[in-house]
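First up is the structure itself, then whatever we jot down about it.
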Amino acid sequence: MPQLVEKSGRYALMVDGAPFLMLGAQVNNSSAWPSQMDKVWPAIRQLHANTVQVPIAWEQIEPVEGKFDFSYLDLLLTQARENKVRLVLLWFGTWKNSSPSYAPEWVKLDDKRFPRLHKKDGARSYSMSPLAQSTLDADRKAFVALMTHLKAADPDNTVIMVQVENETGTYGSVRDYSPAAQKVFDGPAPTALVKAMKARPGTWSQAFGKDADEYFHAWYISRFVEQVTAAGKAVKPLPMYVNAALRDPINDQDPVTYSSGGPTHNVLDVWKTGAPSIDLIAPDIYMPESVKYSAVLGHYDRPGNALFVAETGNAIPYARYVYDTLGRQGIGFSPFGMDLTGYANYPLGASKVNAEMLEAFAANYRLLAPMARDWARISFEKPVWGGSEPDDRSPQSTTLGDWTVHLRYGKWQFGASDWTWLKDRPTDPAGPNGGAVVAQLSADEFLVTGRNVRVEFGRAAKDGKPYMLARVEEGHFDNGQWVFDRIWNGDQIDYGLNFTDGSQVLRVKLATY
Ligand code: DGJ
């Protein structure tokens, strides 16, 4: 059974008994139909993705209450196996981007049995109340039916993970203000949450002050999701996660303007407490700016949470962020809207799904796919670091043990970084698209790869010793073993280790003398 494991604060998604790196792709929302699949697989193959995220919608599997139809899932499993990729299923249930649009009509049109929440002014929201037992019961029943079918239909675990709901929360109302919800809100805040948040016991307002409304919504949505997840896991204990519609990662933002109650970075502790069966909380990143992107990664790459970029924009500038993600020990990365059904979600993502944008992502996946298992294993065991080229193309650096690592962008392959007479810079690529990942294999040994980047090492230890690149091997992995192809020396190392098209992997030995 696939499993998310943690060891000394490091994570691995174990698949078939070994760490697995998800080089993912998510299809468009309405692509999960038999008629569309021949427009999905060619894009997945072009991408060299090893994992595909596909929605399984409540309305599709239970159009009539109690009558289930898993014919699409069966087809999907067969085709995924033929295409030699793993699947992540996305449960589009009570919440899909905060709305019940993907619930069957017998749910989403029956506001008595499945009530929407009420806004502050008493008006009905479009979004479901997480406090309704009837909604939870119906959603959970459908999800359990899905997991029961999956257990029988997928003994070899083509499906390696399940996303429970999709971008939960509510826009335009911070919580449910219906009379029934208000009564709960005026009562005592749950002890477990008060303790986890180190708050003062009392009513929600007394315990959480100005955050009370948002915490209340986050708590009840997380409790709802917890119960759906736990019931599904009792049938088939796959790793399960939730994804987040983000709020501003740097500045304060009024919760009425984002998906309040969803797992935004400011309520991660609420969610962790409310939904312990959820293995990880993943950001959906549609912010192309490098400063914001790394701020989001920083929020979700935190103790107690494995980093997984569950969705990201499919415009070309997003492709490079796979390196920053992996450098933070991420277990996967997945651009959204990767199929040839003719839809493109510009301006969130690319204006067209075409060969050029697919290639931007494929270039990185082609480099990483052959070593995906190796990277996942090394990343689980050894210190790793990485960087994606910032918008201003400025260098990045870190310290790993006795050594510093520097990433520089827009450099020729020849010429020292401090040669001021080298005025021009390569015009290809035109915009930032570089990045690198580095793993420290032993005190003085590193695995390095990347694209459109120069990697340079320096000495961090204050011992004044001169140092050099003792040996730089280019090679590849075969069956978990490093295979030597050639030595880089002379021009190939005198001006840093310069990666261009992203086809080379190096094993670097540093030494003092
Ligand atoms: C985030 C959602 O999770 C996706 O399903 C999709 O709606 C994108 N936003 C926008 O294309």
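Read-outs: derived from the displayed coordinates by stated rules, not from any lab. Here the structure is a predicted model, which is why all the values come from computation and not from measurement. Cβ atoms come from the backbone with ideal geometry, glycine included; neighbour counts cover every protein chain shown.
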At the level of C-alpha centres, the distance separating region 474-513 and region 240-263, in angstrom, is 42 Å
Region 373-448, convex hull of Cα, quarter of hull surface, nm² -> 6.2 nm²
For the chain, the longest principal axis of the Cα atoms and the Cα long axis of helix 355-368 enclose an angle in degrees, to the nearest 10, of 70 degrees
Which of 198/233; 411/462; 7/151; 423/509; 112/183 exceed 21 Å between C-alpha atoms? The answer is 198/233; 411/462; 7/151; 423/509
Trypsin sites (Lys or Arg not before Pro) in region 119-153 lying in a DSSP loop, each with at most 14 other Cβ atoms within 10 Å of its Cβ, come to 120
Cβ-Cβ cut-off under 10 Å around residue 502, Lys and Arg +1, Asp and Glu -1: the net charge is +1
Loop-resident trypsin sites (Lys or Arg not before Pro) in region 33-71 with no more than 12 other Cβ atoms inside 10 Å, DSSP not H/G/I/E/B, are none
For region 72-86, Karplus-derived ³J(HN,Hα) couplings (6.51, -1.76, 1.60; θ = phi - 60°; whole Hz; x for glycine and proline) come out as 5, 4, 4, 5, 4, 4, 4, 6, 5, 5, 4, 8, 6, 10, 9
In cubic angstrom per residue, the convex hull of region 222-350 built on its Cα atoms measures 127 Å³
Given Cβ charges of +1 for Lys and Arg and -1 for Asp and Glu, the option among 390, 23, 132 whose Cα lies farthest towards the positive end of the dipole of the chain is 132
Quarter of the surface of the C-alpha convex hull for the chain, i.e. direction-averaged projected area in nm², equals 25.2 nm²
Hull volume per residue for region 314-464, using the convex hull of the C-alpha atoms, in Å³ is 128 Å³
Dividing the alpha-carbon radius of gyration of region 17-145 by 2.2 N^0.38 Å, where N counts its residues, gives 1.22
Under the 7 Å Cα-to-Cβ spin-label approximation, residue 110 and residue 64 lie apart by a distance in nanometres of 1.4 nm
To the nearest 20 debye, region 213-370 has a Cα-centred charge dipole, built from +1 on Lys and Arg Cβ and -1 on Asp and Glu Cβ, of 460 debye
Against the 2.2 N^0.38 Å rule of thumb, the C-alpha Rg of region 30-92 sits at a ratio of 1.14
Interchain or sequence-distant (5+) residues whose placed amide H lies within less than 5 Å of the amide H of residue 4 are 14
Note on region 308-368: C-alpha Rg/Rh, Kirkwood Rh, two decimals, gives 0.96
Expressed in angstrom, Rg and Dmax over the Cα atoms of region 73-135 are 16.5, 53
Region 1-38 and region 139-189 have their Cα centres apart by a whole-number Å value of 20 Å
Quick note on 240, 371, ordering by fewest other C-beta atoms within 10 Å, gives 371, 240
Residue span residue 418 to residue 133: 0.36 nm per residue of separation minus Cα-Cα distance leaves a gain in nm of 96.0 nm
If exposed means GluC sites (Glu not before Pro) lying in a DSSP loop and surrounded by at most 15 other beta carbons within 10 Å, then the longest stretch of the chain lacking such sites spans residues 290-513
Filtering trypsin sites (Lys or Arg not before Pro) in region 386-447 by DSSP loop and by at most 10 other Cβ atoms within 10 Å leaves 423
Using alpha carbon positions and the Kirkwood radius, the Rg to Rh ratio of region 464-513 is 1.02
The Cα radius of gyration of region 387-512, divided by 2.2 N^0.38 Å with N its residue count, comes to 1.05
